[in-house]
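Participant: My questions will all concern the structure given below.
Read the figures in this text as sums done on the coordinates, not as results from a lab. Quick caveat: nothing in here was measured; it's all calculated off a predicted structure. Neighbour counts run over all protein chains shown; Cβ positions are idealised from the backbone, glycine included.
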Amino acid sequence: MIRFGLCCIFHDHPVKFRHINAANVGRLPEIERLRKLSSICLYNSFELEKALLTVDSLGIGAFRINSQILPLFTHPQAGYKLETLIDADVIINNFARIREFREEHDIRLSFHPDQFIILSSPREQVFENSLRELEYQCMVADLTGAENVNIHLGGVYGNKAEAIKRFAARFPALPEAVRRHLTLENDDISYTVEDLYPLCSELDIPLVYDVHHHRCNPDSLSVPQATELCAGLWRKLGREPQFHISSPKGGWQSRTPRSHADYIDLNDFPECWLNMSFTLDVEAKAKESAIIKLREDLQRKYKIKA
């Protein structure tokens with residue numbers, strides 16, 4: 001059974017989250033700034049509830065929450081605490097209702113922070129800023145019942161082995177909520193499954209397998225081998241494996257195969273996944289339409305339950 005996952009936004013359904021940048025609120029007096037931010041956060045909490053109702057109606061079993069569900073939360077000037085917002089009680093209550101709905105309908109929630117979150121950075125300020133952002137997202141994860149906060153390891157900084165060691169040294173001292181929610185993912189430039197598997201195995205960190213990234217940034221592992229290694233880490237922890245899939249916008253012969261296409265080419269779906277139970281985040285521009293098409297394509301070609 002494949003649990004399909006929608007990433008952050010909708011293509012065809014009227015669910016729209018609001019955002020704001022620091023410049024737009026920076027000129028306001030503090031009370032006006034907090035009132036403005038509170039109204040956006042409140043609106044987004046209602047839209048998140050609508051998002052779960054929508055994915056459930058579509059038979060989609062997972063949803064990735066946008067990292068800016070509470071916009072500018074950790075911004076050095078415009079940032080705030082949840083309890084300082086005028087609508088804090090309603091927002092928290094909405095999140096609790098979302099958590100209850102998620103549990104009742106078995107919807108798996110996750111976060112995927114922006115790539116500026118780098119716990120392996122040699123710069124202490126970058127690490128501290130990254131940790132602050134992760135603490136915020138893990139707080140919302142606890143409030144909504146989200147399971148994973150998924151990140152990339154980051155840059156290699158001229159020495160990949162040292163960057164991995166730096167992450168490993170910092171991980172045990174991270175706050176409990178961050179360690180509990182954190183997952184790592186192989187990326188399309190620097191870190192492969194082969195690079196990350198020993199680290200994740202040692203620290204009991206689930207490894208999200210992105211097959212598109214693996215094809216863009218290959219290692220000595222085949223797709224079936226990488227699949228089994230990553231799935232084994234999840235199973236060891238008693239958790240459902242989570243993978244990502246996408247197709248290159250211009251095909252594999254294009255100059256930029258890293259760019260995501262509107263839909264998933266069925267040829268990019270690994271046949272070794274057919275008899276597995278796992279969550280599959282579909283990273284395609286057509287969003288829920290791409291999920292529906294992929295599900296129908298798989299059912300038509302392989303007669304699998306999806």
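Participant: For LYS293, go through the aspartates and glutamates and keep the ones whose alpha-carbon is under 19 Å away, minus same-chain ones fewer than eight residues off.
Facilitator: LYS293 reaches ASP12, ASP56, ASP262, ASP265, ASP268, GLU271, ASP281, GLU283.
Participant: Along its three principal axes, how long is the stretch 158-231 when you only count alpha carbons? Whole Å, largest extent first please.
Facilitator: Largest first, the stretch 158-231 extends 34, 29, 17 Å along its Cα principal axes.
Participant: Out of all Cα-Cα pairs in the stretch 20-115, roughly what percent, to the nearest whole number, are more than 16 Å apart?
Facilitator: That tail contains 58 percent of the Cα-Cα pairs.
Participant: How big, in percent, is the set of alpha carbon pairs in the stretch 120-190 lying more than 13 Å apart?
Facilitator: That tail contains 67 percent of the Cα-Cα pairs.
Participant: Something else: So how much slack lies between GLU202 and TYR302, counting 0.36 nm per residue of separation and subtracting their Cα-Cα distance, in nm?
Facilitator: Roughly 32.3 nm would be gained on extension.
Participant: In addition: What distance in nm separates the simple spin-label points at ARG239 and ASP268, each placed 7 Å from Cα in the Cβ direction?
Facilitator: Using points 7 Å along Cα→Cβ, the separation is 2.5 nm.
Participant: Wrap a convex hull around the Cα atoms of the chain, take a quarter of its surface area, and give that in square nanometres.
Facilitator: Computing the convex hull of the Cα atoms and averaging its projections yields 16.2 nm².
Participant: Could I ask something else about it? Fully extended, how many nm does the chain gain between ARG255 and HIS11 (0.36 nm per residue separation, minus their Cα-Cα distance)?
Facilitator: Result for the pair: 85.2 nm of gain on full extension.
Participant: Can you tell me the Rg and the Dmax, both Å, for the Cα atoms in the stretch 164-306?
Facilitator: 15.9, 49
Participant: When all C-alpha to C-alpha distances in the stretch 251-306 are sorted into bins of 10 Å, what percent of pairs does each bin hold, rounded to whole numbers?
Facilitator: 21, 53, 24, 2
Participant: Within 15 Å, Cβ to Cβ, of GLN253, how many net charges do the neighbouring residues add up to if Lys/Arg are +1 and Asp/Glu are -1?
Facilitator: +2
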